[in-house]
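I have placed the structure first, in the form of structure tokens, so that the comments after it can refer back to it.
None of the figures in this text is laboratory data; all of them are computed from the coordinates on show. Being a predicted model, the structure only gives us computed values, none of them experimental. Cβ atoms come from the backbone with ideal geometry, glycine included; neighbour counts cover every protein chain shown.
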Ligand code: SIN
Ligand code: NI
């Protein structure tokens, strides 16, 4: 059972200046009601069904934390509608303030009672990107996600820390090993109703709480990168099959402008 907020659908046109400012100051923002209840039901069922058919990339590195299916939009027509959803893309462009491409999507499901947090990390250090200053993710709740089901927590202002090494999202200490002062920073936890989303900058430090409930936590995450992002030569599951050369533009068909 999902609670639908009374909030009207948020669009790029109805985004307030203070919401945009809050994203730019803090590195994350809560956007209520980006999908209608009908879309939530349709995309929830599509995401669960696609996830059941696809390889779980987290089996090797985060098996208790979540299942992870990457670039679902490339193989599943309904999920493609969500990943390329014009409302989400328009909001992302307004928050970032620049042209954006899809980097990849992923479906992240925390099983009922997984009892495991996604530990603090930044996303940007995982990616083989140069020249990406504004990359950001839309984390879309396809079920109600109260704190007890695995919602996101952020450390405001950390989007400015762009030179840390990648952090292990299965290790609760790792971010604080590389940036000890962050242990003492305030954190903001954002429960979401189904159809809400958060946007976070690629360097905003975040974690997700464990799922202590009887219901699977189903999130669809759409990652947008700067339109002129370049490949930096590092290994990554998305770019490895493309045999790119460092410095190449990431402008191939699998990275469409949105
Ligand atoms: C999660 O949903 O569990 C983590 C998402 C993220 O790290 O971006
Ligand atoms: Ni992350």
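Computed from the C-beta positions of residue 212 and residue 48 and an R0 of 25 Å, the FRET efficiency is 0.80 to the nearest 0.05.
Spin-label model, residue 189/residue 113: points 7 Å from Cα along the beta carbon direction are separated by 2.1 nm.
Mind running the shape call on the chain? Use the C-alpha gyration tensor, a ≥ b ≥ c as the square roots of the eigenvalues: rounded below 1.5 for a/c, prolate if a/b tops b/c, oblate otherwise. Walk me through the numbers before you get to the answer.
Working: a/c = 1.18, a/b = 1.11, b/c = 1.06.
Here the chain falls in the rounded category.
Each of 101, 53 has some number of other Cβ atoms within 10 Å of its Cβ, and from fewest to most they run 53, 101. Roughly how many whole Å is it from the C-alpha centroid of segment 64-115 to that of segment 177-198? Centre-to-centre (Cα) distance: 19 Å. Among 243, 236, a tally of other beta-carbon atoms within 10 Å of each Cβ gives an order, fewest to most, of 243, 236.
When both segment 147-166 and segment 36-50 are represented by their alpha-carbon centers, they are found 27 Å apart.
This ranking places 130, 163 by how few other beta-carbon atoms lie within 10 Å of each, fewest first, which gives 163, 130.
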